[in-house]
Ligand code: SF4
């Protein structure tokens, strides 16, 4: 029997755990003393490992390479050599015929690790010759990255998860931490126990609202109006830090013009929040010696997501709540390695380490390291994953190489995504389970899973942590980066790595932000937060010390803009708002957690729609009754779940189920900056079956 200390693969909290292995099988998980969890785990951490032992519960594990030579035909098991040669040949043919930009790829924010994401973006940039690589950050925290890079310079949480409980005030906006990151929620509870004030802004009475001093139950889709009213109040009531603003910021002069029509009294109707509550919230926030704003996808998954992020950053900046312990901005990233996907440059506009692909100096550096001509690199930004269905239907994207993502379940407007996938000439899926997307593939490349390989994840607070291999893979599978390297080599670009550390050392050399974060340092400290620029640097628990911002001018940028209504507002035909939410016991498209017996037992009902009893009464439906939920794009059957903690006029569904899949209903109105879809808001109707 042995214990392997590793990192949980299920959310950005980055909890450390011990996998207890007996006779080549994992028999249990125990909490380990990590920087973010200090021995605690949630249900997914304790019970989310047995898919590695038994894959017969829900979805078949991918156990060997497969090719489907004709659409609609059967998968044929093939050797690795044949799968690699076939994939390389088809990709080379498509590149030759339609150009490098006709091929799209994804990194993965799940159990693959940073090294694999680095190798994937290198493959795209050095071998394919485009910047067409993206990751699931696009559909979740893309606006946090875009917004915070513009206002403060770094698209990441400025504080540590550990530091949350050291704050005197937490403004929790559109973020249900109890379901999304249960161990982060523990930090919020501890902050409360330490005397912090808690202000929750959310249409639902989420768990955190139970311990809050104030709950601003705003209407769905009114975020920007509320944030503008916050900024208005800070300025009008002289609650902002004038000296700080004068010294460290830019943009104050135009700010009042943007918010002057958003007095709390003027936005009561848009937001549904009493003016006195808005004013009180800002008085509490501004009076706190240190305050943190935490947010989730209730902020980002809107057509105005980036602007709201910039507005929240402005609230923090106006009050000088940056650059010290317990004060900052905290977009808490969802999937376990979504921060790492961005860090490693599986983004269409950025090389690893947040270096712009449009910068000739950066291109020259990467080209030299990779032994290619800088002129062969694409000088323009690549395609975002949310643009792929449209571009495939226009004939501009011909091939899609998807690693560790399941767009046919997790992306908005599935009928559109399906049509886009069908229009492709070639679809490669590299995954561990037969997902909905894998079922449509031309080639399936089976990979090792978390537990079967090691590497580095970045948790939501920029902390690099090494995760470890616990068991030998049982099947004919390969590590993700090994598969990509074999395809690259077959396409004429020799790519050989012996191990993860070789890849990590290559990327450290290319990224000043991470240079000092060596494997050895992670081994010693456990959790090394970037920036870590030198070998003797301990890492950075909070950003913007001394109020030095990473913007071009070195100053924080202030921002506000007019509120816009969501794209599809309710009508007489579709009178309810649909908002997507998470199921606490399951992760992402549920392929991993749905194959874990305890988690499956916890939540095994395929989908539900949460309805307030007052709406149900008008609709004439009962609790647990089967109903149709229908939008302008699709219709799904699911079961009613009465819920008095949600707001009347809105219904809530999770995206994690194949039956009652709410992404059949959602729409892809994209935030213009980040291209993140407005999955938190569309119009639906509910009717009895
Ligand atoms: Fe895993 Fe997140 Fe739960 Fe921690 S909070 S145990 S990282 S799912």
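Remark on segment 2-52: hydrodynamic radius 10.7 angstrom, per the Kirkwood mean of 1/r across alpha carbon pairs.
Over the residues of the chain, the helix contribution to mean residue ellipticity at 222 nm works out to -8000 deg cm²/dmol, using -39500 (n - 2.57) for each DSSP H run of at least 4.
Working ranking of peptides 470-483, 112-125, 498-511 by packing, defined as the average number of other Cβ atoms within 10 Å per residue, highest first, is 112-125, 470-483, 498-511. The separation of segment 276-301 from segment 1-64, counted between C-alpha centres, amounts to 35 Å. Along its three principal directions, the equivalent ellipsoid of segment 225-365 from the Cα gyration tensor extends over semi-axes of 31, 18, 16 Å, largest first. Each Cα pair under 8 Å and six or more residues apart adds its sequence gap; the mean of these over the residue count of segment 576-688 is a relative contact order of 38 percent. Were the residues from residue 509 through residue 287 laid out at 0.36 nm apart, the gain over their Cα-Cα distance would be 75.5 nm. For segment 633-689 versus segment 451-479, the spacing of their alpha-carbon centroids is 33 Å.
Within the chain, DSSP assigns beta bridges of which about 50% are antiparallel (rounded to the nearest 5).
Of all DSSP beta bridges located in segment 576-688, what percent are antiparallel, nearest 5? Roughly 65 percent of the DSSP beta bridges within segment 576-688 come out antiparallel. When restricted to Cα atoms, segment 516-605 yields an Rg and a Dmax of 23.0, 64 Å, respectively. All distinct Cα pairs of segment 183-273 go into the 1/r average, and the inverse of that average, the Kirkwood radius, is 15.0 Å. Can you give the translational diffusion coefficient of segment 148-190 in µm²/s, computed by Stokes-Einstein from the Kirkwood radius over Cα pairs at 37 °C and 0.692 mPa s? Diffusion coefficient, whole number: 284 µm²/s. Spin-label model, residue 562 to residue 193: label points 7 Å out along the Cα-to-beta-carbon direction sit 4.9 nm apart. Counting Cα-Cα pairs of the chain in 20 Å increments starting at 0 gives whole-percent bin shares of 19, 55, 25, 1. Separation of segment 541-558 and segment 204-241, taken as the distance between their Cα centroids, equals 25 angstrom. Ranked by the mean number of other Cβ atoms within 10 Å per residue, highest first, peptides 292-300, 572-580 order as 292-300, 572-580.
Across segment 18-134, the mean sequence separation of Cα contacts (distance under 8 Å, 6 or more residues apart), normalised by length, yields a relative contact order of 13 percent. Listed peptides 674-684, 175-185, 28-38 appear in the order 674-684, 175-185, 28-38 once ranked by packing, highest mean of other Cβ atoms within 10 Å at the front.
Per-residue extension of 0.36 nm, minus the Cα-Cα distance of residue 642 and residue 602, leaves a gain of 12.6 nm for this segment. The residue 628 and residue 274 beta-carbon pair, evaluated with R₀ = 25 Å, returns a calculated FRET efficiency of approximately 0.10.
Across the chain, C-alpha contacts under 8 Å between residues 6 or more apart give a mean separation that, scaled by the residue count, equals a relative contact order of 20 percent. Once every Cα of segment 1-98 carries one equal point scatterer and solvent is ignored, give the base-10 log of I(q)/I(0) from the Debye formula at q = 0.23, 0.25 Å⁻¹, two decimals. So the normalised log intensities work out to -1.11, -1.25. Figure the gain on full extension for residue 496 and residue 261 (residue separation times 0.36 nm, minus the Cα-Cα span) and round it to one decimal in nm. My answer for the length gained is 78.6 nm. Give me the distance in nm between label points sitting 7 Å out from Cα along the Cα-to-Cβ direction at residue 537 and residue 571, one decimal. Simple spin-label model gives 5.3 nm for this pair. Size of segment 23-62: Rg and Dmax of its alpha carbons, in Å, are 12.6, 35.
Entry for segment 576-688 at q = 0.17 Å⁻¹: log10 I(q)/I(0) = -0.81, Debye formula applied to identical alpha-carbon scatterers, no solvent contribution.
Read-outs: derived from the displayed coordinates by stated rules, not from any lab. Computed from a prediction, not measured in an experiment: that's the story for all the values here. Virtual Cβ from ideal backbone geometry, glycine too; neighbours counted across all protein chains shown.
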